[in-house]
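The values are calculated or read from the model by the stated rules, or taken from the named source; none is laboratory data. Nothing here was measured: the structure is a model prediction, and the numbers come from that model. Glycine gets a Cβ as well: all are built from the backbone with ideal geometry, and neighbour counts include every protein chain shown.
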Amino acid sequence: MLPTLNGRLQSRILVTAILGGIWTLIITPVLPTGAPLGESYKTTFIILLTVIVLGVLWEFLYHFLQQFRWEKDWPTSWGLFTGINEGLLIWLLINLGWIPGVGQVPGWAFVIQFCTTWFLIWAVQNGPLRVPFIRWRFNGGRFL
Amino acid sequence: MSGDQPLPQSAAPTTEPGDLTPELIDTDIWTDEMVARAGIPVVPVPFVTVGGGIGSFVTVDYLRIYGVPAQQIVVLTGLDVPWQSYEYLTRVSQIPRTERLRSDSQSRPDNIWGFPSYALSEAFAAKSLKEFLWPLWNVFTEPILTNYFTPRAGQAFSTMEKEMNRIGYLQSVRKGQVRMVRRRAGGGYYTILTPPAGAAPTKRIAYQSQYVHIAIGYPGLRLLKDLQDYRERYRDPTKVVNAYEPHEQVYDQLRIRPGKVIVRGGGIVASRVLQRLIDDRDKYNLRTEILQVFRTFYTGPHGKNVFNRRPGGHGWAYQGFNYPKSVWGGQLKEKMAKLEGDARAQAYEEMGGTNTPFRKDWLEQLKRGRSQGWYREMQGAFDSLRPGPNGAGVVVAMSTQHGALEEYADFVVDCTGLEADIRESRVLADLLDHSGAGRNPKGRLDVNAQFEVIGTRSRPGRLYASGSSTLGGPFPGVDTFLGLQISAQEIADDLARLGFVKRLGPGRSIAQWWRWARNRPI
Amino acid sequence: MKVNFDDVPARVHPGRHHLVRLPGVVAIIRTDPGTDPDAARDLLERIQTSSRTAPTAPGRDLARQLSIWLSRFEETNGVAPGFGAISASENGVAIFLYGDISVTERVDDAELPPEDRVSLFGKDAAFTVDRLLPWPAGALQLIADDDADGELDIPEHAADVLASADGPMPAWAGFHRGVTPGGGLLFGPVTDHMSEPVVADVPAASGSHLAGPEVPVPSGPGSHGPVPGSSATLSSAAYDAEAMSDGEAMVAEPGSGERVAEDEPMVGGDAADGAPASAEPMAEAAGTSVPPPPAPSGAQVPPSPAGSAVPAPPSQRSVVPPPPSAGTPVVPPAPSAGTPVVPPAPSASPVPPPPSGAPVVPPPPSGAPVVPPPPSAGTPAAALAPPRLSELIQDGPAEPPRAPLPPAAPAPRQTAQQKAAEKAAGVKERPQDYVQGFRCSRKHLNDPRVSFCRVCGIRMDQMTGVLVEERRPPLGLLVLDVGATFVLDDNYVLGRNPESDAAVREGTLRPVRLDDTSGALSRVHAEIRLSGWDVVLIDRGSANGTYVAATDEQSWQRLAPNQHFVLTPGTHVRVGQRTFTFESSAARLR
């Protein structure tokens, strides 16, 4: 899928929200958060929201960087590797306390949630997502 | 008897019943009575596709998956299987079934979803761990650590064959040559087919349909003038060949004794021919020498600004696929769709130029050749060719920046060739003349974003066209596998809007994919 | 004699100096540090002026101009670059040298002893070297002397050149006109053929790779020097010679070296422009600028000895008389690279002209046998060189190059009168030469089954084809295991001694003699027939059989005698110990 800016943003928002949301629902109970379930859900969903919001900003950066390439594309693997910088930023922000509504988050819980969610979104976006949505890849990633 | 006169048993000046009458030929819009008067039998069918190649196949595939029953589709073609011309051209230009095409891993003409990709399929069909991991690694790291993954020609053809059988394509095929497509008074179109001699009681058959799709492909090559002149003048089919024709004798002779080959061109075919020459040279320990002549010589990365830089070097321009990747759904696709007229032509120019994919192993070969002195490249344009002294070889006179030079070679392989104008095809010429079709900024058939041929609407019917005869339209990548699928999807969605078929939503799409995965017929 | 200066080939060798070629002049201008750059420009202008004013014989004028310029220059400025020019004069060449430039004649020891060769050195002169000479026998090497003692390191064989992987490729390009970087050039030899000699110069030229100034072969567009040409010609010639010496007596006629390919049988009257058996006077090494008049009868008579026109310098420099074979239709195997051509019987022209296959029967010499021109009056009789037999290139003297035949134009259609004339002359009509085919949109005749036109490439299977009947074009070619090729435009019979076949004697089949020492090849082994658009192989009841194998198959399949087997492209055929492959460029999709 060769994205346009619009498409990137749509994909990021919709896929992360929907797929990420479902996955977060499933995984939160098993995370080693050390906090009651309600608390955990609140934390994980806020983190998910942060991923989306910050992600939109990151997408602008990625789009700009891709302009330097003739093919205007991105190796598939990089979609996975950008999880590293995004994750690190979020971890940093959590520890600085700049994310509203999120207190101390145990390291492992965060790592598991983030990595699994990121990997899942990456795998689905580069694979089966085109089965239900046949026009998505030809429209630069736009759903609408 | 000899000379120009056709033999009496063909093309009679007086028309017999069942053939086109002058009245039909001259009238733009036909009525049912006119056709009946001419005695041409009429076959009504809702959807007709002309061409029978990969373009038609992909469109029929989409329609069948969307839900059109096979009886409502007719394919008019002279080919036996959809990939017949394509396989012939790739074979003679040195891409046999075991070699890889220049096509993306996710462009699968047999699979409208693009999932699983060719790489995944190849990995899961692997017999060893290495064969399993390599394609996955390749698509994971392309194009940074590895070249772009491309499928083997054989994989493309065998999967197409499987899908062709699954959708029952061959039942819809009617053999013959299409002579013209005309509008029908009252809506729809007439498509005139000339069946093979003796196959039908009349000379022509008319298919009356609401929707027609034309995908007849390239009207053939037009070999460059100097090559044609040489052929007509010296009648020598052995030394100066074009890479799009069978030219095994060049390789046969090089195996027997050393020779020098001049290769003209800088595109994918030239790089394939070089690869063959060098592979043979290595395998049989030959002393072949190669001189490559480029008309445009790229010495390095080139492009109009820092955002449009394409790599290049030693005369070649490198690009992974026939077009920059973003034409198939990315920024270039969006950009081109908004341009019109000259701006669009200009955008095509910037994207264009002959180029070839960057392949490490092949570039290593060239590097080795340069350092050992048996491979040279230069910039030049051929002026003329003539047989060499004593009938041996060819002398090529060319203009370079150093003046007029001559080179002697044993063989000249011409890897260039212009595409003929669309008027060379009678069907397209007829569309331009009688059915209101027009030309786009690049001179080919003018289509809109839904691939309807602008100007030919015969309400409530539609005339669509896809493939290389529509190059220059709002979608840039028409003559590629994925491009044909994009066109087919647009056409299918347009037909869904018109009510011919139901639009494929997410639920049905998943169900159809599941059928595909289990290879169940539709 | 009149030689067209501009038709003499010039081959460029790599280097860093300027080489100039203009009508009537070839020149070299040195680029050394310390010389005045404007000087080179001035020189070039002088040369251009001379060439423009008298393009056919600028020699004298050029010498005068250059002398005047040089004197003025030395008076005022100082260091002029070395330069040299060979230009055409009325009766030969004018050589003008200044500085470290030399002109030497490269020719075989056997032809001309060293002391009689042209050998001029600019640095030996007090001022300039300024000579008028007749056309030399060999090639003139005009180079910038960069070695201390003027000796060039010349490898023994071209093979050594190829083997030295680190040097630049030898330049064999034909330099036609312009200015180009280079270290020197090889001008000539002057013969009456127009294009670059392929084989002839091999022994002489094999040594002309200049060792230096070493210029690494650049690869960018701007830095391409003279285009090095092919040294594969040498080896290919060598292989050919070997092939010939195998005894596969493919006889090539001098002058018929160029194939006349798929010419339709020509009526005598039509032969004017395409006569295959045009006279090919291998006259004295001097060439003529006009191709010799075609002699449809195949008689090959050298022009009247141009001895009168030859200014005779010391007797032994008189040009070597042409090999006596030059005029006869028969010549021992010649190292033509791959497609020897022999007109079967140069009797009256109605017999179809030589195909580019090589029927092997040396036709009986018809026409006047060649008479070497008598030595020019007044000179002691030059020793007649013995007739040249072709030998392995490494060891023997070179075969002098032969002029190519004029190109075959497409045959005009026969009118009814021509047909009647043909019939009256006894030409057997061969109705099978006509086939039915489809015309492409540009009127080229094609097999009805192909999808793309064989001449122009346009698609053919989307049009309704209208059958026309015309003469059949050639249907592909056979590639023999030794590399010779036969274009299939006629019916052939193959064997050890195919002339013994009755059909050959009648003239309906062409013989192809294959040599096979194993004895597995019969005298009349197999036939190749053209039937419609198909090529058919027929075994003629040979003792050991004819075998065929498709491209990918490993196993041979024996043909039943007299069974018609249609050949498909890529099929291998084995007769006795010899194999050949049938190739065709017909665009059949199926």
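Can you run down the residue pairs with Cβ atoms below 8 Å, 6 or more apart or on separate chains, where the first is in the range B:235-264 and over 20 Å from C:Pro474 (Cβ atoms) and within 7 Å of another protein chain (Cβ to nearest Cβ) and the partner is of a type in the set (D, E, K, R) and assigned to a loop (DSSP other than H, G, I, E, B)?
B:Ile256/C:Asp481; B:Pro258/B:Arg287; B:Gly259/B:Asp410; B:Lys260/B:Asp410
Kindly evaluate A:Arg8 against the criterion of being assigned to a helix (DSSP H, G or I), more than 14 Å from every other protein chain (Cβ to nearest Cβ) and among the basic types (Lys, Arg).
For A:Arg8, the condition - assigned to a helix (DSSP H, G or I), more than 14 Å from every other protein chain (Cβ to nearest Cβ) and among the basic types (Lys, Arg) - is not met.
Among (1) modelled with pLDDT under 85; (2) assigned to a strand (DSSP E or B), which single condition is C:Arg574 missing?
If we test C:Arg574 against (1) modelled with pLDDT under 85; (2) assigned to a strand (DSSP E or B), just (1) comes out false.
Search the range B:177-216 for residues being hydroxyl-bearing (Ser, Thr, Tyr) and within 25 Å of the chain's Cα centre (by Cα), and hand back the single one that is surrounded by the fewest Cβ atoms within 10 Å (Cβ to Cβ).
Per the criteria, the residue is B:Thr194.
Out of B:Gly455, B:Gly388, I need the residue that is out of contact with any Lys or Arg (no Cβ under 9 Å at 6 or more places or on another chain) and either surrounded by fewer than 23 Cβ atoms within 10 Å (Cβ to Cβ) or within 19 Å of C:Ala10 (Cα to Cα) (or both). Which one?
Matching residue, one of B:Gly455, B:Gly388: B:Gly455.
Do you know which residues across the range B:355-392 are over 30 Å from B:Arg231 (Cα atoms), within 7 Å of chain C (Cβ to nearest Cβ) and touching a helix residue (DSSP H, G or I) at 6+ places or on another chain (Cβ under 9 Å)?
B:Gly373
Identify all residues within the range B:491-522 that are charged (D, E, K, R) and in contact with an Asp or Glu (Cβ under 9 Å, 6 or more places away or on another chain); write none if there are none.
Selection gives B:Asp494, B:Arg503.
Given the criterion basic (Lys, Arg) and under 30 Å from A:Pro3 (Cβ atoms), identify the matching residue among B:Lys367, B:Lys338.
So the residue among B:Lys367, B:Lys338 that is basic (Lys, Arg) and under 30 Å from A:Pro3 (Cβ atoms) is B:Lys338.
For the range C:445-483, which positions are touching a Ser or Thr at 6+ places or on another chain (Cβ under 7 Å), of a type in the set (D, E, K, R) and in a loop (DSSP other than H, G, I, E, B)?
Passing the criteria: C:Arg454, C:Asp461, C:Asp481.
Being of a type outside the set (A, V, I, L, M), within 12 Å of chain A (Cβ to nearest Cβ) and part of a helix (DSSP H, G or I) is the filter; apply it to the range B:125-171 and report the residue that is surrounded by the most Cβ atoms within 10 Å (Cβ to Cβ).
The qualifying residue surrounded by the most Cβ atoms within 10 Å (Cβ to Cβ) is B:Asn138.
Only one of B:Asp252, B:Asp279 is surrounded by fewer than 24 Cβ atoms within 10 Å (Cβ to Cβ) and either modelled with pLDDT of 90 or more or farther than 23 Å from B:Ile95 by Cβ (or both). Can you tell me which?
Result of the check over B:Asp252, B:Asp279: B:Asp279.
List every residue pair whose Cβ atoms lie under 9 Å apart, where the two residues are 6 or more positions apart in sequence or sit on different chains, the first residue falls within the range C:78-102 and is over 16 Å from C:Ser51 (Cα atoms), and the second residue, located anywhere, is of a type in the set (Asp, Glu) and part of a strand (DSSP E or B).
C:Leu97/C:Asp130
Could you check how many residues of the range B:437-452 are in contact (Cβ under 8 Å) with a residue 40 or more places away in the chain and either more than 20 Å from B:Tyr348 (Cα to Cα) or assigned to a helix (DSSP H, G or I) (or both)?
So the answer is 1.
Examine the range C:86-108 for a residue that is assigned to a strand (DSSP E or B), of a type in the set (Asp, Glu), assigned by TED's automatic domain parsing to the domain that holds C:Pro23 and under 23 Å from C:Val20 (Cα atoms), and state whether such a residue exists.
Looking for residues that are assigned to a strand (DSSP E or B), of a type in the set (Asp, Glu), assigned by TED's automatic domain parsing to the domain that holds C:Pro23 and under 23 Å from C:Val20 (Cα atoms), one finds at least one in the range C:86-108, hence yes.
Is it the case, given these coordinates, that C:Pro561 is assigned to a strand (DSSP E or B), in contact with a Gly (Cβ under 9 Å, 6 or more places away or on another chain) and more than 14 Å from chain B (Cβ to nearest Cβ)?
Judged against the criteria, C:Pro561 is not a match.
Please go through the range B:428-486 and pick out each residue that is within 14 Å of chain A (Cβ to nearest Cβ) and aromatic (Phe, Trp, Tyr).
Correct list: B:Phe451, B:Phe475, B:Phe481.
Check B:Glu232, B:Glu245 and return the single one that is outside the structural domain of B:Leu495 (by TED's automatic domain parsing), under 24 Å from the mean Cα position of the chain (by Cα) and among the acidic types (Asp, Glu).
Unique residue meeting the criteria: B:Glu245.
Only one residue in B:Ala200, B:Ala206 is assigned by TED's automatic domain parsing to the domain that holds B:Leu432, farther than 24 Å from B:Ser487 by Cβ and not in a strand (DSSP E or B). Which one?
B:Ala200
Would you check if B:Arg370 is at pLDDT 80 or above, over 20 Å from the mean Cα position of the chain (by Cα) and surrounded by 18 or more Cβ atoms within 10 Å (Cβ to Cβ)?
Considered against the rule, which asks whether it is at pLDDT 80 or above, over 20 Å from the mean Cα position of the chain (by Cα) and surrounded by 18 or more Cβ atoms within 10 Å (Cβ to Cβ), B:Arg370 comes out as no.
For B:Gly303, which of the numbered conditions (1) in contact (Cβ under 8 Å) with a residue 60 or more places away in the chain; (2) within 9 Å of another protein chain (Cβ to nearest Cβ); (3) at positive phi fails to hold?
Status for B:Gly303: all satisfied but (1).
From the list A:Gly101, A:Gly141, exactly one residue is surrounded by fewer than 15 Cβ atoms within 10 Å (Cβ to Cβ), touching a residue at least 24 places away in the same chain (Cβ under 8 Å), part of a loop (DSSP other than H, G, I, E, B) and touching a Ser or Thr at 6+ places or on another chain (Cβ under 9 Å). Which is it?
A:Gly101
Kindly establish whether B:Ala404 is assigned by TED's automatic domain parsing to the domain that holds B:Lys260, modelled with pLDDT of 90 or more and either small (Gly, Ala, Ser) or more than 13 Å from B:Gln292 (Cα to Cα) (or both).
So B:Ala404 fails the test.
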